[in-house]
Amino acid sequence: MIRDRKIECMPRDELKKLQSERLCALVARMYDKVELFRMRMDELGLKPGDIKGVEDLDKLPFSYKKDLRDYYPYGLFAEPLENVSRIHASSGTTGKRIVVGYTQNDIDMWGECIARMLNGIGLGKDDIVQVSFGYGLFTGGFGLHSGCEKIGATVIPISSGNTALQIQTMIDFKATALCCTPSYAMYLGEEIERLGVKDQLKLKVGIFGAEPWTEDMRKKIEESLNIRAYDIYGLSEVMGPGVACECEYGQGMHIWEDNFIVEIIDPDTGKVLPEGSKGELVFTALTKEAFPLIRYRTRDICSLNTKPCPCGRTHIRMNKPSGRSDDMLIIRGVNVFPSQIEEAILQVSGSEITPNYQIIVDRVNNTDTLDINVEMSEKLFSDDIDVKAVDRLEKALVDKMRSTLGIGAKIHLVNPKTIARSEGKAKRVIDNRKF
Amino acid sequence: MIIHQLSVFLENKKGRLFEAIETLAKNGINISALSLAEACEYGVVRMIVDDTELSKSVLKDSGVVVSVSKAVAVAMNDSPGGARDILKVLAQADVNIEYMYAFVGKTTGKALMVLRTDDIEKTEKILKENGLGEVNPADIYRI
Ligand SMILES: [Zn+2]
């Protein structure tokens with residue numbers, strides 16, 4: 001179902017007009033209220049009046065994750081705290097956390113973005129949605145929660161963790177939809193398989209996001225939970241999950257362009273790239289009151305397309321980010337994305353293996369080392385486990401890593417469930433190097 | 001006779017083999033045959049036990065990768081060249097042996113050979129047709 005036909009199916013020229021109006025108002029408001037933005041505009045010799053519409057967007061200065069750290073905690077807010085009704089923050093793995101704020105209108109807008117997705121994939125007031133994203137400073141739990149409330153669904157705000165309770169709740173409360181991270185969905189699927197309770201589930205769909213995942217993981221999740229799995233994208237700086245969402249056709253995520261302007265740029269030069277090019281995703285949050293952003297560099301690498309979607313929505317679609325440059329590892333001078341390693345493992349195993357793996361980077365005698373632990377599974381063998389087959393598997397992984405990454409990796413085949421799984425985000429990379 | 005064997009993948013960590021065998025012992029499972037193969041870092045241990053299904057499930061629960069597969073067991077003649085006769089008929093029939101291991105039967109005290117070939121059914125048929133080494137199931141599974 002299309003929730004808001006007027007907006008979601010708005011002709012692209014009208015959408016552009018709407019964005020232009022909103023952008024001009026945003027620039028004026030931010031120039032007035034956010035010191036850092038005003039300074040950057042002044043440096044470029046720009047006045048708010050110089051921006052007449054989206055065609056002038058590339059004149060505006062970029063903003064960066066570092067800005068959020070430098071102006072920690074409230075320095076970039078455009079509203080006084082009396083108007084701010086909620087704070088979220090991300091757990092910065094290095095340095096200070098980043099903090100964002102929302103007015104009540106912001107929370108409503110956020111819920112509306114997610115509600116469009118939920119209605120789109122067939123959910124409504126008769127549905128029971130188990131929200132297994134963490135509730136707290138992380139945006140996942142509360143974000144999905146407000147989306148569910150908007151569509152009138154019944155929400156189970158179970159938050160993350162306690163797998164046995166999650167499964168019991170899913171069965172007893174007859175949940176029809178599940179929201180969590182894809183790695184946790186994989187884990188739930190395995191546990192459900194082990195317990196043999198799959199036929200007791202009432203799940204129809206799952207909404208997964210907050211970390212990168214592959215098409216092979218999607219297949220595996222869909223099979224183990226007997227659902228359709230949909231992707232949701234977002235980052236707390238821009239809003240949280242729901243900035244972009246898959247529709248019922250699952251062919252890329254629609255970015256809600258009434259609220260966000262998206263650009264793809266060359267991460268090295270900052271130049272805007274033509275449609276269809278692969279580059280860094282940059283967002284402008286048009287309608288957020290407490291924490292608006294102009295040209296925010298996400299470090300996520302992906303491409304966009306405006307081709308008509310079979311669903312009828314006109315909003316631009318992004319594909320899955322192929323890597324986050326934040327997560328990029330530089331090993332022996334070579335850029336390595338964890339997602340490349342995951343794809344390589346899946347290609348060798350033919351997607352039958354539980355792609356649970358861990359990347360360990362270290363530095364020995366001034367040389368970087370790359371070790372990859374891969375969990376074994378019966379499914380990797382036809383019937384008989386054979387040293388020759390183990391050897392072949394190890395060699396295939398080593399070869400694939402070398403051809404994919406351009407550097408050698410040491411592969412360790414380890415027993416099932418020996419790699420620590422966190423119940424939220426998977427800890428895929430351990431970098432022991434000291435810089 | 002076609003039999004079922006267990007194969008367990010061992011990360012080459014000290015104690016992994018011991019852990020697997022201890023898991024079986026704790027569950028009252030008898031092992032009649034055991035063979036260990038190693039390559040680089042890893043190993044595979046094959047076993048013939050008196051309760052294959054139970055063994056598989058307790059090993060799986062203990063967190064190791066385990067599979068059950070078929071092999072052919074055959075008794076060797078006491079005369080010199082007992083093994084040769086067996087290998088000869090298989091070679092003539094164009095059956096390839098992937099690996100083999102031997103153990104001693106409990107009731108007869110005779111040497112038994114376990115063969116894993118590229119065609120288990122054919123192997124059994126050929127051995128039978130040539131009157132070679134019928135095996136008492138009690139010898140294999142110690143029942
Ligand atoms: Zn669509």
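The values are calculated or read from the model by the stated rules, or taken from the named source; none is laboratory data. Just so we're clear, the structure is a prediction, and the values are computed from it rather than from any experiment. No Cβ is skipped: glycine too gets one built from the backbone with ideal geometry, and neighbour counts run over all protein chains shown. SASA here: full protein model, heavy atoms, side chains in, ligands and nucleic acids out. Shrake-Rupley method; radii C 1.70, N 1.55, O 1.52, S 1.80 Å.
Taking amide hydrogens as placed 1.01 Å from N in the peptide plane, the amide H of A:VAL155 sits under 5 Å from those of A:VAL129, each at least 5 positions away in sequence or on another chain. Between A:ASP266 and B:ASP61, the modelled labels are 6.2 nm apart [label points 7 Å from Cα along Cα→Cβ]. Computed from phi, the 3J(HN,Hα) profile of the stretch A:158-169 under the Karplus parametrisation 6.51, -1.76, 1.60 (θ = phi - 60°) reads 6, 6, 8, x, 6, 4, 4, 5, 4, 5, 4, 5 Hz, with x in place of Gly and Pro.
Treating r as the C-beta distance of A:ASP32 and A:MET1 and R0 as 35 Å, the FRET efficiency rounds to 0.30. Straight-line cross-link partners of A:LYS271 among the aspartates and glutamates, defined as a Cα under 18 Å from its Cα and at least 8 positions apart when in the same chain: A:GLU55, A:ASP56, A:ASP58, A:GLU263, A:GLU280, A:ASP300. A loss of 10 Å² or more of accessible area (1.4 Å probe, protein heavy atoms, ligands and nucleic acids excluded) relative to the isolated chain is seen in these residues of the stretch B:17-47: B:ALA37, B:ALA39, B:CYS40, B:GLU41, B:TYR42, B:VAL44, B:ARG46.
Surface composition of the stretch A:222-309: carbon plus sulfur atoms contribute 45% of the solvent-accessible area (1.4 Å probe, protein chains only, all chains present).
Listed values for the stretch A:11-26 are Karplus-derived 3J(HN,Hα) couplings in whole Hz (6.51 cos²θ - 1.76 cosθ + 1.60, θ = phi - 60°), namely x, 5, 5, 5, 4, 5, 5, 4, 4, 4, 4, 5, 5, 4, 5, 5, and x replaces Gly and Pro. Expressed as a whole percent, the accessible area of the stretch A:329-431 that falls on carbon and sulfur atoms is 50 (1.4 Å probe). A 1.4 Å probe run over the protein assembly as shown, with the rest of the protein chains in place, finds 44 Å² accessible per residue. Going from the chain on its own to the full set of protein chains, the stretch A:357-395 has these residues losing 50 Å² or more of accessible surface (heavy atoms, 1.4 Å probe, no ligands, DNA or RNA): A:GLU378, A:ASP383, A:ASP384, A:ILE385, A:VAL387. For the chain pair A and B, the interface hides roughly 1900 square angstrom of accessible area in total, found with a 1.4 Å probe. For chain A, the mean residue ellipticity at 222 nm estimated from helices alone is -10000 deg cm²/dmol, where every DSSP H run of n ≥ 4 contributes -39500 (n - 2.57) and the total is divided by all residues, rounded to the nearest 500. In this calculation the C-beta distance from A:THR306 to A:THR367 is compared with R0 = 41 Å, giving a FRET efficiency of 0.35. Taking Cα centre as origin and charging only the Cβ of basic (Lys, Arg, +1) and acidic (Asp, Glu, -1) residues, the dipole magnitude of chain A rounds to 380 debye.
The string of couplings for the stretch B:92-97 from the Karplus curve (6.51, -1.76, 1.60, θ = phi - 60°) is 5, 8, 6, 9, 9, 8 Hz, one whole number per residue in order, with x for Gly and Pro. Quick check on my link table: of A:LYS6/A:LYS288; A:LYS65/A:LYS427; A:LYS220/B:LYS125; A:LYS202/A:LYS278; A:LYS220/A:LYS395; A:LYS59/A:LYS150, which ones sit more than 31 Å apart, alpha carbon to alpha carbon? Going by Cα-Cα distance, A:LYS220/B:LYS125; A:LYS202/A:LYS278; A:LYS59/A:LYS150 fall outside the 31 Å limit. Probe radius 1.4 Å, ligands and nucleic acids ignored: give me the carbon and sulfur share of the accessible area of the stretch A:134-195 as a rounded percent. On the stretch A:134-195, the fraction of accessible area on carbon and sulfur atoms equals 56 percent. A full extension of the chain between A:ASP399 and A:GLU211 corresponds to an added length of 65.0 nm, given 0.36 nm per residue minus the alpha carbon distance. Near A:LYS410, the amide H atoms lying under 5 Å from its own belong to A:LEU370, A:ASP371, A:ILE372; only residues 5 or more places off or on other chains count, and H is placed 1.01 Å from N. Here's how it looks for A:LEU235: its modeled amide H is under 5 Å from those of A:GLY240, A:VAL243, which are all 5 or more places away or on a different chain.
For chain B, the mean residue ellipticity at 222 nm estimated from helices alone is -9500 deg cm²/dmol, where every DSSP H run of n ≥ 4 contributes -39500 (n - 2.57) and the total is divided by all residues, rounded to the nearest 500. Taking label positions 7 Å along the Cα-Cβ direction at both A:LYS17 and A:ASP391, the computed distance is 7.2 nm, reported to one decimal.
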